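See structure below.
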């Protein structure tokens, strides 16, 4: 069965960030008609990753790691990610 983009994003992030809490939400419908949006959707996502691997990393380093993990998706139509990238300690403090 062909996975949708949200499932592929989740699988790639789970492989790259073991022991992480990962939430992926498809926001494409909210961006219909905007730049990068496509009629079939699957272009805009909100992603939460709570991972021990982020400890000691800047926000930019965390974002780069996630973008690198999802490079194949960006090359095949993923247009935008809204990222929340936290350590477990940061998530617990919120």
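The values are calculated or read from the model by the stated rules, or taken from the named source; none is laboratory data. Here the structure is a predicted model, which is why all the values come from computation and not from measurement. No Cβ is skipped: glycine too gets one built from the backbone with ideal geometry, and neighbour counts run over all protein chains shown.
Hey, can you tell me all the residues within the range 1-10 that are within 12 Å of the chain's Cα centre (by Cα) and surrounded by fewer than 13 Cβ atoms within 10 Å (Cβ to Cβ)? 7 - this is the single residue of the range 1-10 that is within 12 Å of the chain's Cα centre (by Cα) and surrounded by fewer than 13 Cβ atoms within 10 Å (Cβ to Cβ). Scanning the range 74-92 for residues that are assigned to a helix (DSSP H, G or I), surrounded by 13 or more Cβ atoms within 10 Å (Cβ to Cβ) and modelled with pLDDT of 95 or more turns up 88, 90, 91.
Report yes if some residue within the range 39-55 is within 18 Å of residue 9 (Cα to Cα), modelled with pLDDT under 95 and exposed (fewer than 14 other Cβ atoms within 10 Å of the Cβ); otherwise report no. So far as the range 39-55 goes, yes, one or more of its residues are within 18 Å of residue 9 (Cα to Cα), modelled with pLDDT under 95 and exposed (fewer than 14 other Cβ atoms within 10 Å of the Cβ).
Among the residues of the range 22-33, those that are at pLDDT 60 or above and touching a strand residue (DSSP E or B) at 6+ places or on another chain (Cβ under 8 Å) comprise 22, 23, 24, 25, 26, 27, 28, 30. Residues in the range 56-71 that are in contact (Cβ under 8 Å) with a residue 40 or more places away in the chain and in a helix (DSSP H, G or I) were compared, and the one that is surrounded by the most Cβ atoms within 10 Å (Cβ to Cβ) is 66.
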